[in-house]
1. Quick check, is A:Cys193 within 13 Å of chain C (Cβ to nearest Cβ) and either in a loop (DSSP other than H, G, I, E, B) or among the polar types (S, T, N, Q) (or both)?
2. Based on what the data block shows, is B:Lys400 in contact with a His (Cβ under 8 Å, 6 or more places away or on another chain) and either assigned to a loop (DSSP other than H, G, I, E, B) or surrounded by fewer than 20 Cβ atoms within 10 Å (Cβ to Cβ) (or both)?
3. Residue under question is A:Tyr151, and the condition is that it be more than 8 Å from chain C (Cβ to nearest Cβ) and surrounded by 15 or more Cβ atoms within 10 Å (Cβ to Cβ); does it hold?
4. Do you know which residues across segment B:443-497 are over 30 Å from B:Glu546 (Cβ atoms) and part of a loop (DSSP other than H, G, I, E, B)?
5. Could you list all residues from segment C:189-248 that are surrounded by fewer than 18 Cβ atoms within 10 Å (Cβ to Cβ), among the charged types (D, E, K, R) and part of a helix (DSSP H, G or I)?
6. With the condition kept exactly as written, say whether any residue in segment B:111-130 is of a type in the set (Ser, Thr, Tyr) and more than 30 Å from C:Ile68 (Cα to Cα).
7. For segment C:280-296, enumerate the residues that are assigned to a helix (DSSP H, G or I) and without any contact (Cβ under 8 Å) to a residue 12 or more places away in the chain.
Amino acid sequence: MKASRGERIFYRVNDILLFLVGLSCLFPILHILSLSVSGQKAIASGKVGIWPVDLNLESYSLLLKGTPVVNGFKNSVIITVVGVALSMIMTILAAYPLSKEYMYGRKLFTKIVVFTMLFGGGLIPSYLVIQSMGLVNSYNALWLPGLISTYNMLVMKTFFQNIPHELEEAARIDGCSEWRLIVQIYLPLSMPCIATLSLFYGVSYWNAFKNVLIYINDTKKYNLSVLIQQMIKSQTLLDPNYIQVEDIEQMTSEGVSSAGIMVMVIPMMIVYPFLQKYFVKGVMLGSVKG
Amino acid sequence: MKTIHGRTFLCLFLAFALMASFAGCQSSQPNPDGGKKPTSSKDPGKTKERGSISATVYDRGAVPAAEGTIEENRWTKWINENGPVDVKFVAVPRTESGQKLNTLFASGSAPDLIFEFSPSVKTPLYDQKQLMPIDEMIDKYSTNYKNLLKEYPSLKKAAIMPDGKMYQFGKINSMTPLRGVVIRSDWLKGLNLEVPKTLEDYYKVAKAFTEQDPDGNGKKDTFGIAMSYRAGETVSQMFQVGWMVEDGKLIKEWDHTAERLKFQIRLYDEGLIDKDYLNDNTGARALQDFVNGKVGILPWLFSWRDFTIKEYATLKDNVPEAKLEAIPYPEMEYGRFNPTLENPVQMTAVVNAKCKDPKAVMQYVDFMCSEKAGLAIKYGLEGEHYKLVEGKPVITDTEKFKSEVSWAGGGFGMLMSAPVMKPYASETADFNLDHPIEKEGYELYKQAIEVYLDPSVPYPELTHSEHMPQLPKDLNVLKANIDTDDFMAKAVVSGSSYTVDQAIKDAKNAWEKGGGKDIEKWMANWYDKDSDNAFLAKDMYEIMKEEDLIHQLK
Amino acid sequence: MSIRQHDMRLAPETNKQNLSLKRKRRIRQNIPLFIMFIPVLLYYLIFKYLPMGGLIIAFKDYNFADGIMGSPWVGMQNFKLLFRGTNTVNIIRNTFRLSILNIVFGFPVPIILAIMLNEVRKTWFKKSVQTIIYLPHFFSWVIVGGMVISIFSQESGIVNHFVEMFRGEPYPFLYKEGSWISIFIGSGIWKGAGFGAIVYLAALTSIDMSLYEAAHIDGAGKWQQIRHITLPGIKQTIVIMFILQTGNIMEVGFDQVYMLQNNVVSGVADVISTYVYRVGLQGAQFSISTAMGFFESLVGLVLVSASNSLANRFDEGLW
């Protein structure tokens, strides 16, 4: 299909604009990356822009040897992988029924679910519930309350609703059971949505901070997010009235905290392109026609 | 549709009510203690059985991976092996301690002994009856701490809460200035200027530093004085802003605030300070400018040795001919003041009201404020980390010390009092004079001590911030709603369109409309009735006069 | 559907039989649905509705000793305390203002980005740009805020470098309310648009390619194709995203405000989250912060219901 002249201009302008946007987003990454491989003195003097000064890997070696980052990374991976798996299963279990017009009480259940997105009891009541189940200090305290993000679930519900009814009818006429229907038709057709929500859940679990802080007591179980956030905060946000000598002495240097940030962000940079292959156009087309 | 609507509502309401009652059942159940406690000795027959407690410890993320975690490492083992009781430690992140502790208390799972600096965390716990008074346990069981109290009765004074009972354990710190003003004395010399004494001097020197190219590079790229973040706080102190005592009554002043504002406006308008200082929320820009040799006067919050090995060292790298001097606060028409001093009587620990074994807690406190524990936590183990030379510990292996001992003090030394450790204290306040930069920093530090620890110069505030009274809940909400700093900031950047008088008037207005008078009344009342029990600036100065507590420096 | 039409022409008795058959069929089809949904319901009841009971803290003077149930009731006192302040009206107004501006200017941007990306023909370029623009989402405002301030600073900021060439002196972008708001909204959009585009990118994949081909053959230009095929194709997603966003209207991100604010512009920059932070900072003020949270939730509920009703007019509501 040859593009007309108008279309070619469109494509070119489109590409240029996207290039500029991408460039602007590149700056913060380059800056942090440069900070993480620059010399301490240069960092303190503010000489590091988007290019490193005094290239060296000292910050990374300090990070790996002097802090429990490796352990934190491992914990983050566990929390994320298990969390995404559990959440995706539950989300599908929730979205599928709600997407069927013939479900009894569909509107009521949708309202019940959306209501929880708006109202919440807060930190203390949630903690009390978790505590009464004996889940404090275990990762279950992170997975169970976070099983379903109503936001994500509603997105999936919308996607399921978008799948043409004809497909379902045809399958049912062929005597397909509900489970086969889901597994062999709905899920494959929802791969873009599943990839998207896996990413959303993944990001949420990977960056989990507040919940880990409150529910996890053993520092051995801390995830990367808590460790790195502490490093960043130790430099700046301590209330000036109560700062102690030890606080200043044990402040993390900016180079090391930048290295920590990179360690957190790099997996995000790797995972996304990997998932992008599921954003494939025209998956539906073939199935309806066929 | 109407029935469905009504049905929906009814269902939701029932669900809600049901859940609310469930929640009620949950919170009235006896809650198990958080964290696994080692079996405690409850059998009264076995008097020799070891007690066991749980205690918090600050996590600053500073424990090297190979050493374990802050709650389980060689020092927690050492404490359990050498101390009188078994201790299980619970880590509390240093920068989120309030949230973590509150959650632990709300769920009934807080440890027995809580280490915490901030009164804004401890006072609400007291208000909610979560703390146990310590008078009795000291009286009945204490040895070391009791002696410490006899020698330093201010430890008792500072520990008393509004109901008259003691609630806090603490430590005595040696006197050291926490804030100060550091100036580029090489610039002074180069421009033939004297050390500034009055406020007007400060202005003149700042002006010269900005306009007369003190670094001789032909460019007008220097600032006279820093004003961001900690610099701004320090400058405020110079003017004695906020609460002050006049004719025996505590009042909120506005005149000094006006003076400070005038000073800042003058500096801003003439370009003597970084125009972006109001956005420098972390002070990073100011420090950067300073280490690049672009700022002449730095009022700041100093941890002197740390400043030496970080900022001073970087400055020397960039500008080898830089020289620094510590100078006193400027003289105002109404006087001159000392900067913030490190809290000499610092309250650091409180006891959970639900604690089952106060005797064990007291034994632990006695142990942790003892010489034996202090030596180990601060210097390590003799033979392994240090050797005694003329009775003073000398570090034998700095790398080993750094990775194995340096982080222990912050976590476990919160009951270590300076007088107890005096015999071992470094005569050079931990500065290593073999390094040239530390030698210079040491001279700066000695100068700071001389200039700022002067009992003849009054303290700008009523007392150290850790000893200030905490406002009751509703006044707190009021205070959070009033914002007077905005008007000050606006006055600085708006030039002639918004004058000092207008700003002060608007600020006063906002203060009064927002209920500021109630706050003033409460504070004045506190000063009248309760301040005798409080640890005030005059008490700090009493301690300052004691030779014992000032570093005996060579 | 043709089957139903066929039904209508049958005799009434057979019609009734068919109807009850239909109902039986529906019940049968609902069984697997409920088997799936029951664990979901349990989840919501235990982990969402059970803690929700704690909202009563907003109407009590909560303290640890008495716990949630035992703490004394104080009715609306917490709310009165919160809203009594002279500044509170401003704070709420600021929150609304920033939020609405964010929706008006920020909502379309991820959609536009997604459509633009969808039109990229070189896969490697598309993938790289997609990945790069979603990364700013992961850098906390502690970092991004610092960069934004640097860029717009008067002394050494890049923007003022050019401004000075034209004007002769720098412009205090961050001290003037108008420009501060623009920078706030703009930086927020820039940070989140790449991530926000993901949902739309996924939605775009479900549009039938043959529609584009047909339109191309009919001589429709790019703009027309986008207007008549692309946008309607992701209409459902757009609507649901919009409804969900209105629920968040009271949430102006604390971190972003905290890092970008300064005392000069607090007339427009002080929002609910920073206010609650100031109050909460001074101690365990759970009742107060729960009360404020309750208020925010109420507003969110009203708005979500309203936008859902609006969406229902176009047959696209959530319920």
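The values are calculated or read from the model by the stated rules, or taken from the named source; none is laboratory data. In this text, all values refer to a predicted model and were calculated from it rather than measured experimentally. With ideal geometry, Cβ positions are generated from the backbone for all residues, glycine too; neighbour counts draw on all protein chains shown.
1. So A:Cys193 fails the test.
2. So B:Lys400 passes the test.
3. In short, no.
4. B:Leu471, B:Pro472, B:Ile482, B:Asp483, B:Thr484, B:Ser494
5. Within segment C:189-248, C:Glu213, C:Arg227, C:Lys235 meet the criteria.
6. no
7. Result: C:Gly280, C:Leu281.
A quick yes/no check of all residues on (1) facing chain C (nearest Cβ under 10 Å); (2) part of a helix (DSSP H, G or I):
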residue	(1), (2)
B:Ala91	no, no
B:Thr95	no, yes
B:Gly98	yes, yes
B:Phe105	yes, yes
B:Ala110	yes, no
B:Ile114	no, no
B:Thr123	yes, yes
B:Tyr126	no, yes
B:Lys129	yes, no
